[in-house]
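Visitor: Sharing a structure with you now.
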Amino acid sequence: MSFLWRWTRRLFLAVLLVAVLLALPVLRNETMCRGTPLPQDHEPIVSQTRPEERTFTTYPEWHIVHAYEDYARVIAKADPHDFGYVQAISGFWSSLCPLTALADEHGGFTTESKMTLYTIGISFSAEMALKAAYEETLGRVATWARGPGHSALDRLSAEQAAEYAAFLQQTPWYLWDFRSDAQALDAAAGSDLRDRERRLALGLEYRAKAAYAGMIAGAVAATGQDALTLRAVVAGITPEALAAIPGVKVIQRRPEGIEIETPRYRALTHILERIADQRGQMVEIAGNDDILLTAISPDPDHPGAVFTFPLQGSADFRHLITVKVPELSATLRGLGDSGARLEHIHDY
């Protein structure tokens with residue numbers, strides 16, 4: 001009984017320690033990351049508006065998307081244990097702090113948004129920690145037995161990671177077919193140790209994610225999906241030119257410009273790039289006049305960046321930049337002059 005009690009106590013203490021470690025970033029954000037509300041002097045033109053704070057609070061979710069992109073880039077040439085799991089976790093929570101302050105300044109970080117981000121942040125941190133624990137130990141041993149070259153399932157899993165990262169640009173993660181990935185591993189596995197290890201480890205990961213994704217999809221279906229489109233007002237470009245851009249629906253002329261409806265997420269970034277290229281000027285987006293974008297450059301410093309950190313598997317840096325919506329098109333056209341390129345425009 002004393003033996004059982006000792007191990008039960010150790011397990012309890014281990015679980016408690018993990019819970020405390022996962023809660024610490026939340027506690028820090030709640031106590032040390034605050035902004036002062038600013039006067040909002042923009043009167044929305046369109047009636048279909050979205051809270052302005054969401055442009056700042058959408059980034060942490062995209063940080064997870066970018067982490068999967070980094071992971072795919074790393075394992076295409078190296079191994080999973082070469083990926084910086086701690087760096088990916090710290091990037092999420094470190095960027096959340098200044099973004100929380102910005103959200104407070106622009107209408108307030110809602111409790112609903114905060115709880116969502118804390119939940120996905122803790123889930124992401126736990127996933128990365130578990131993956132690191134495995135890949136740095138048993139996974140690394142399997143690569144030693146394999147040798148310097150990639151196995152068949154190393155190559156396949158790198159392809160799957162890249163496809164998954166691309167999928168996340170426009171589609172929620174829980175709609176990805178993880179079971180098909182697991183079945184593809186089963187079908188392509190060779191007889192060597194590394195392939196057997198990848199088939200077992202990644203197969204378990206994919207099937208666990210498939211089960212969790214099914215639960216999330218059911219919850220989303222019950223509560224309703226977020227709107228997939230938004231309204232914006234554009235000046236300096238004709239309705240015909242706007243209508244010719246894939247995804248743009250011209251709604252009406254207004255004194256301030258032309259009201260349009262567009263899809264959100266990555267599709268919106270491409271549309272806003274097209275408008276900027278044609279010398280159009282955004283007047284407002286979803287009733288707002290401030291917006292966040294991310295740009296990539298080889299320079300660790302970028303004027304106006306509120307947060308910057310290095311990409312993994314690349315020598316470049318990601319910069320989080322806030323701009324006024326009427327200055328967005330000019331900012332996009334000027335990125336190349338500073339050696340940067342647009343990555344994503346964060347809608348609301």
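The values are calculated or read from the model by the stated rules, or taken from the named source; none is laboratory data. Bear in mind the structure is a predicted one, so any value in this text is a computation, not a measurement. Using ideal geometry, Cβ is built from the backbone for each residue, glycine included, and neighbour counts are taken over all protein chains shown.
Visitor: Considering only the stretch 35-54, state which residues are of a type in the set (K, R) and part of a loop (DSSP other than H, G, I, E, B). Reasoning before the result, please.
Guide: Taking the stretch 35-54 as the starting set, the residues that turn out to be of a type in the set (K, R) are 50, 54.
If the condition is that a residue be of a type in the set (K, R) and part of a loop (DSSP other than H, G, I, E, B), then R50 is the only one that fits.
Visitor: Right, here's the next one. So, in the stretch 24-37, of the ones that are among the aliphatic types (A, V, I, L, M) and touching a residue at least 24 places away in the same chain (Cβ under 8 Å), which residue ends up nearest to S90 (Cα to Cα)? It would help to see each step written out before you state the result.
Guide: From the stretch 24-37, those among the aliphatic types (A, V, I, L, M) are 24, 26-27, 32; that's our starting set.
Applying the additional criterion that residues be touching a residue at least 24 places away in the same chain (Cβ under 8 Å) yields 26, 32.
Working: V26: 12, M32: 16 Å.
Once the filter is applied, the top-ranked residue is V26.
Visitor: Answer yes if at least one residue in the stretch 150-160 is free of Cβ contacts under 8 Å to residues at least 60 places away in the same chain, touching a Pro at 6+ places or on another chain (Cβ under 8 Å) and not in a loop (DSSP other than H, G, I, E, B), and no otherwise.
Guide: No, there is no match, as no residue in the stretch 150-160 is free of Cβ contacts under 8 Å to residues at least 60 places away in the same chain, touching a Pro at 6+ places or on another chain (Cβ under 8 Å) and not in a loop (DSSP other than H, G, I, E, B).
Visitor: Check the stretch 111-118 and report whether any residue there is touching a helix residue (DSSP H, G or I) at 6+ places or on another chain (Cβ under 8 Å), farther than 30 Å from H42 by Cα and of a type in the set (A, V, I, L, M).
Guide: no
Visitor: For the condition over 25 Å from S338 (Cβ atoms) and either of a type in the set (A, V, I, L, M, F, W, C) or out of contact with any Phe, Trp or Tyr (no Cβ under 7 Å at 6 or more places or on another chain) (or both), what is the one hit in P246, P303? Steps first, answer last, please.
Guide: Working: P303 fails: over 25 Å from S338 (Cβ atoms).
Unique residue meeting the criteria: P246.
Visitor: Here is a further query. So, of the residues in the stretch 257-293 that are of a type in the set (D, E) and over 21 Å from P51 (Cα atoms), which turns out to be nearest to the chain's Cα centre (by Cα)?
Guide: E273
Visitor: How many residues are exposed (fewer than 12 other Cβ atoms within 10 Å of the Cβ) and either closer than 13 Å to G280 by Cβ or not charged (D, E, K, R) (or both) when one looks only at the stretch 245-260? Walk me through it before giving the result.
Guide: Here is the first cut: in the stretch 245-260, the residues exposed (fewer than 12 other Cβ atoms within 10 Å of the Cβ) are 246, 252-253, 255.
Imposing the further condition that a residue be either closer than 13 Å to G280 by Cβ or not charged (D, E, K, R) (or both) reduces the set to 246, 252, 255.
Summing the residues that are exposed (fewer than 12 other Cβ atoms within 10 Å of the Cβ) and either closer than 13 Å to G280 by Cβ or not charged (D, E, K, R) (or both) in the stretch 245-260 gives 3.
Visitor: Evaluate the stretch 89-106: report whether one residue or more is over 30 Å from T49 (Cα atoms), without any contact (Cβ under 8 Å) to a residue 12 or more places away in the chain and not in a loop (DSSP other than H, G, I, E, B).
Guide: Looking through the stretch 89-106, at least one residue is over 30 Å from T49 (Cα atoms), without any contact (Cβ under 8 Å) to a residue 12 or more places away in the chain and not in a loop (DSSP other than H, G, I, E, B).
Visitor: Can you tell which of A88, A103 is crowded, with 19+ Cβ neighbours inside 10 Å, at pLDDT 95 or above and closer than 17 Å to F307 by Cα?
Guide: Details: A103 fails: at pLDDT 95 or above.
Criteria check complete, one pass: A88.
Visitor: Suppose we filter D289, D277 for residues that are surrounded by fewer than 18 Cβ atoms within 10 Å (Cβ to Cβ), within 13 Å of L328 (Cβ to Cβ) and out of contact with any Ser or Thr (no Cβ under 7 Å at 6 or more places or on another chain); which single one remains? Even if it seems obvious, please write down each step before you answer.
Guide: Details: D289 fails: surrounded by fewer than 18 Cβ atoms within 10 Å (Cβ to Cβ).
Unique residue meeting the criteria: D277.
Visitor: Do we have any residue at all in the stretch 266-279 that's over 21 Å from S47 (Cβ atoms), in contact with an Asp or Glu (Cβ under 8 Å, 6 or more places away or on another chain) and not polar (S, T, N, Q)?
Guide: no
Visitor: Has the stretch 245-252 got at least one residue that is in contact with a strand residue (DSSP E or B) (Cβ under 7 Å, 6 or more places away or on another chain) and outside any strand (DSSP E or B)? First the steps, then the outcome.
Guide: As a first pass, look at the stretch 245-252 and keep what is in contact with a strand residue (DSSP E or B) (Cβ under 7 Å, 6 or more places away or on another chain): 247-252.
The next check asks that each one be outside any strand (DSSP E or B); those that pass are 247-248.
Yes, the stretch 245-252 contains a residue that is in contact with a strand residue (DSSP E or B) (Cβ under 7 Å, 6 or more places away or on another chain) and outside any strand (DSSP E or B).
Visitor: Out of the residues in the stretch 294-335 that are in a loop (DSSP other than H, G, I, E, B) and hydrophobic (A, V, I, L, M, F, W, C), state the one that is surrounded by the fewest Cβ atoms within 10 Å (Cβ to Cβ). Reasoning before the result, please.
Guide: Step one: list which residues in the stretch 294-335 are in a loop (DSSP other than H, G, I, E, B), which gives 298-304, 311-316.
With hydrophobic (A, V, I, L, M, F, W, C) added as a condition, the list becomes 311, 315.
Details: L311: 16, A315: 7.
Per the stated criteria, the residue is A315.
Visitor: For the stretch 185-202, check the following and say yes or no: at least one residue is surrounded by 11 or more Cβ atoms within 10 Å (Cβ to Cβ), at negative phi, under 21 Å from the mean Cα position of the chain (by Cα) and acidic (D, E).
Guide: no
The rows are residues; the columns are (1) acidic (D, E); (2) touching a residue at least 60 places away in the same chain (Cβ under 8 Å); (3) part of a strand (DSSP E or B); (4) closer than 14 Å to L342 by Cα.
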{"site": "I258", "(1), (2), (3), (4)": "no, no, yes, no"}
{"site": "T262", "(1), (2), (3), (4)": "no, no, yes, no"}
{"site": "T269", "(1), (2), (3), (4)": "no, yes, no, yes"}
{"site": "M282", "(1), (2), (3), (4)": "no, no, yes, no"}
{"site": "L292", "(1), (2), (3), (4)": "no, yes, yes, yes"}
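Visitor: Another question about this same structure. Would you check if there is a residue in the stretch 124-141 being under 23 Å from the mean Cα position of the chain (by Cα), in a helix (DSSP H, G or I) and more than 22 Å from A182 (Cα to Cα)? Reasoning before the result, please.
Guide: Quick first cut of the stretch 124-141, residues under 23 Å from the mean Cα position of the chain (by Cα) only: 124-133, 135.
The next check asks that each one be in a helix (DSSP H, G or I); those that pass are 124-133, 135.
Checking the rest, the ones that are also more than 22 Å from A182 (Cα to Cα) come to 125.
Yes.
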